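Visitor: Pasting a structure here, questions to come.
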Amino acid sequence: MVHLGPKKPQARKGSMADVPKELMQQIENFEKIFTVPTETLQAVTKHFISELEKGLSKKGGNIPMIPGWVMDFPTGKESGDFLAIDLGGTNLRVVLVKLGGDRTFDTTQSKYRLPDAMRTTQNPDELWEFIADSLKAFIDEQFPQGISEPIPLGFTFSFPASQNKINEGILQRWTKGFDIPNIENHDVVPMLQKQITKRNIPIEVVALINDTTGTLVASYYTDPETKMGVIFGTGVNGAYYDVCSDIEKLQGKLSDDIPPSAPMAINCEYGSFDNEHVVLPRTKYDITIDEESPRPGQQTFEKMSSGYYLGEILRLALMDMQKQGFIFKNQDLSKFDKPFVMDTSYPARIEEDPFENLEDTDDLFQNEFGINTTVQERKLIRRLSELIGARAARLSVCGIAAICQKRGYKTGHIAADGSVYNRYPGFKEKAANALKDIYGWTQTSLDDYPIKIVPAEDGSGAGAAVIAALAQKRIAEGKSVGIIGA
Ligand code: GLC
């Protein structure tokens, strides 16, 4: 996503001294609406905790809090060969995982670019055919002699999918701009299995996994200090282990072999936090994003903080400035005036522009959109990108603070993954410091913060494999992997 090319001269961060007053006023207004003060973060976290609790209650709430039927902590001794598929971000990933049984693993993987049109295809079969064809291509390459023993597969499906058992995922609703008919309210596992079987590949889908749960388990496999798996990527979400007796909505649904103290991995789906619009400081751009999305009213938290939306928030704010006559005067906007034409790599590249005059940003607008910008306009664009990126980083850690406070964790590691976490400039530091602000820690180095956000292990590869291994072990021992009767 972020590519700077050859090393260029280093410049100081631009001064705003030469920005005319009317533009400066706009910048100040943006600073006001996009800055999230510590008190707001604390209020958001407080409300978050009560919403998480509601999600676990029988009545339910906005946050789905989906039990993932991973009821064991990995020991690190899980071993064997597994396949994993990951659908939910920009690419489809297919991975062969060899779990070493000694807290180590090896992976071999291929990525298949998900055609943009696939997100909204009208024919659901196309999606499953694409996945099964990619899987077949991968198998043919990795196992030219064919497969003798059936291989278990963990399917990372990174959407809110209800699970009555480990190998089931009933899609509640699409997120992240996906909108394919006839899949919502259906179990996706048989849809994928049917296409696999049709291609005569001896593979069985043994577990359906959310990317956050995979991240949690993969990181726990190598580091037992792990308290959560979180994704800051195309979407934003987190998973953690709760205790069965604290999950009210499972009361009466668990078979006798599961003790009340058993752990249960929960995929929070907290991208849907505050769909009732109680605490989040939404701007008019957030409202437009929501109204024009395929699922208005859903994923309020995610729409303000995840990678699928950051570039579009920037574009909407710039279009607004243009319409009011502040910027891009007498420019042809036909290439720019299109929803989602700026993905999140744009604000990322703008924030990384090393030149005083923001020359990279100049090139970007000229080459990609045919827009000539003045240096003052580019300063506004840069400041806006910083504000939007910082707001995302600050808001998105409220989910972490809420889970840690709910579970009483004072220390631990939060395993993080996703394109925004890994590639958005300054995101890691801003996220860590926002957590520090919420807690009021006095340590000065990120490395000393009691709750540390650390780079995760490969959740949708190793994590999916460990979860598949844990499920197979439970089944072999006659233990349940779902609600009674599922
Ligand atoms: C969206 C999905 C969720 C996923 C997250 C990160 O929020 O609904 O399942 O974990 O994106 O990929």
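Computed from the coordinates by the stated procedures, all read-outs in this text should not be read as laboratory data. Computed from a predicted structure; not experimentally measured. Reconstructed Cβ throughout: ideal geometry from the backbone, glycine too, with neighbour counts over all protein chains shown.
Visitor: Please give me the summed charge of the neighbours of TRP441: other residues whose Cβ is under 14 Å from its Cβ, Lys and Arg +1, Asp and Glu -1.
Guide: Working: positive: LYS410, LYS436, LYS452; negative: ASP437, ASP447, ASP448.
Spelling it out: positives minus negatives among the neighbours equals 0.
Visitor: With both partners inside the chain, how many of the DSSP beta bridges are antiparallel, as a percent to the nearest 5?
Guide: Antiparallel bridges make up about 60 percent of those DSSP assigns within the chain.
Visitor: On a 0 to 90 degree scale, rounded to 10, what angle separates helix 38-56 from the longest Cα axis of the chain?
Guide: Between helix and principal axis, roughly 30 degrees.
Visitor: What ranking of GLU457, GLU368, GLU53, GLU39 emerges when the number of other C-beta atoms within 10 Å of each C-beta is taken as an exposure proxy, fewest first? If you can, show how the numbers build up before the last one.
Guide: Numbers: GLU457 24, GLU368 13, GLU53 16, GLU39 9.
So the ranking, lowest neighbour count to highest, is GLU39, GLU368, GLU53, GLU457.
Visitor: Once every DSSP H run of n ≥ 4 in the chain is given -39500 (n - 2.57) and the sum is divided by its residues, what mean residue ellipticity at 222 nm do you get, rounded to the nearest 500 deg cm²/dmol? Walk me through the numbers before you get to the answer.
Guide: Working: 15 runs with 188 residues, N = 486.
One gets -12000 deg cm²/dmol as the mean residue ellipticity at 222 nm.
Visitor: Something else: Within a 10 angstrom radius of the beta carbon, how do LYS436, LYS59, LYS194 rank from fewest other beta carbons to most? Provide the component values of the computation, followed by the final result.
Guide: On the way: LYS436 20, LYS59 8, LYS194 12.
Least crowded to most crowded, the residues run LYS59, LYS194, LYS436.
Visitor: Oh, and also: Provide the packing ranking of 81-92, 349-360, 180-191, i.e. peptides ordered by the mean count of other C-beta atoms within 10 Å per residue, highest first. Spell out each step's value before the answer.
Guide: Details: 81-92: 22.3, 349-360: 18.1, 180-191: 16.3.
With the highest mean Cβ count within 10 Å placed first, the list reads 81-92, 349-360, 180-191.
Visitor: Report, by chain and number, residues whose modeled amide H sits under 5 Å from the one on THR226, excluding near sequence neighbours (fewer than 5 apart, same chain).
Guide: Amide H to amide H, under 5 Å and 5 or more residues apart or across chains, THR226 pairs with HIS413.
Visitor: Using the count of nearby Cβ atoms within 10 Å as a rough guide to exposure, how do PHE157, PHE273 rank from fewest to most? Mind dumping the intermediate values first?
Guide: Details: PHE157 21, PHE273 32.
Lowest to highest Cβ neighbour count: PHE157, PHE273.
Visitor: Something else: In degrees between 0 and 90, to the nearest 10, how far off the longest principal axis of the chain does helix 359-369 point, with axes built from Cα atoms?
Guide: 70 degrees
Visitor: If you don't mind, another one. Using θ = phi - 60° and the Karplus curve 6.51 cos²θ - 1.76 cosθ + 1.60, what whole-Hz ³J(HN,Hα) does each residue of the stretch 314-323 get, with Gly and Pro shown as x?
Guide: Calculated HN-Hα couplings, in order: 4, 4, 5, 5, 5, 4, 5, 4, 5, 5 Hz.
Visitor: Round to the nearest 10 and give me the degree value, 0 to 90, for the angle of helix 464-476's Cα axis relative to the longest principal axis of the chain.
Guide: 20 degrees
Visitor: Using θ = phi - 60° and the Karplus form 6.51 cos²θ - 1.76 cosθ + 1.60, what ³J(HN,Hα) does each residue of the stretch 413-421 get, whole Hz, x for Gly and Pro?
Guide: For the stretch 413-421, the Karplus-derived couplings read 10, 10, 7, 10, 9, x, 5, 5, 4 Hz, x marking Gly and Pro.
Visitor: Using the Cβ atoms and a cut-off under 12 Å, what net charge is assigned to the surroundings of ALA431, where Lys and Arg are +1 and Asp and Glu are -1?
Guide: Working: positive: ARG391, ARG394, LYS428, LYS430, LYS436, LYS452; negative: GLU429, ASP437.
Net of charged neighbours comes to +4.
Visitor: Next up: So if each residue of separation counts as 0.36 nm, and I subtract the Cα-Cα distance between ALA486 and ALA262, what length gain in nm does that give?
Guide: Gain in length upon complete extension: 78.8 nm.
Visitor: Something else about it: How large is ³J(HN,Hα), in whole Hz, for each residue of the stretch 393-401 in order, when computed from phi with the Karplus curve 6.51 cos²θ - 1.76 cosθ + 1.60 and θ = phi - 60°, using x for Gly and Pro?
Guide: Going residue by residue, I get 4, 5, 5, 5, 7, 4, x, 5, 4 Hz, with x marking Gly and Pro.
Visitor: Another one. Among the listed pairs LYS77/LYS473; LYS59/LYS227; LYS111/LYS303; LYS111/LYS136, which are separated by more than 18 Å between their Cα atoms? Each step should come with its number before you reach the end.
Guide: Numbers: LYS77/LYS473 12 Å; LYS59/LYS227 27 Å; LYS111/LYS303 26 Å; LYS111/LYS136 13 Å.
Flagged as over cut-off: LYS59/LYS227; LYS111/LYS303.
Visitor: Using a 7 Å offset from the Cα along the Cα-to-Cβ direction at both ARG119 and ARG407, what is the distance between the two label points in nm, to one decimal?
Guide: 3.1 nm
Visitor: Please give the net charge around PHE273, taking every other residue with its beta carbon less than 14 angstrom from that of PHE273, where Lys and Arg add +1 and Asp and Glu add -1.
Guide: Details: positive: LYS46, LYS54, ARG282, LYS303, LYS406; negative: GLU51, GLU53, GLU269, ASP274, GLU276, ASP286, ASP290, GLU302.
Within the 14 Å Cβ shell, the charges total -3.
Visitor: Listed highest first by mean packing, meaning other Cβ atoms within 10 Å per residue, what order do 133-140, 234-241, 376-383 come in?
Guide: Working: 133-140: 17.4, 234-241: 28.2, 376-383: 21.9.
Going by the mean number of other Cβ atoms within 10 Å, highest first, we get 234-241, 376-383, 133-140.
Visitor: OK, next. Using label points projected 7 Å from each Cα along Cα→Cβ, tell me how many nm separate GLU429 and ARG103, to one decimal.
Guide: 3.1 nm
Visitor: Another question about this same structure. Only four residue types carry charge here, +1 at the Cβ of Lys and Arg and -1 at the Cβ of Asp and Glu. Report the dipole size of the chain about the Cα centre in Debye, rounded to the nearest 20. The partial results should precede the final answer.
Guide: Numbers: 54 positive and 66 negative charges, 128 e Å.
My answer is approximately 620 debye.
Visitor: A further question follows. 5 Å is the cut-off here: which amide hydrogens, built 1.01 Å from N in the peptide plane, fall below it relative to ASN267, excluding neighbours closer than 5 in sequence?
Guide: ILE66, GLY68
Visitor: Let me ask you something else. Which pairs break 20 Å Cα to Cα here: LYS46/LYS284; LYS54/LYS253; LYS54/LYS249; LYS165/LYS249; LYS176/LYS436? Intermediate results must be reported in sequence, preceding the final value.
Guide: Values: LYS46/LYS284 24 Å; LYS54/LYS253 18 Å; LYS54/LYS249 10 Å; LYS165/LYS249 15 Å; LYS176/LYS436 29 Å.
In this structure, LYS46/LYS284; LYS176/LYS436 exceed 20 Å between Cα atoms.
Visitor: Still on this structure, I have one more. Classify the stretch 39-143 from the C-alpha gyration tensor, please: rounded if a/c falls under 1.5, else prolate or oblate depending on whether a/b exceeds b/c.
Guide: Details: a/c = 2.52, a/b = 1.40, b/c = 1.80.
In terms of gyration-tensor shape, oblate.
Visitor: If you don't mind, another one. Put a dot 7 Å past each Cα toward the Cβ at ASP133 and ALA43; how far apart are the dots in nm?
Guide: Label at ALA43, label at ASP133, 5.2 nm between them.
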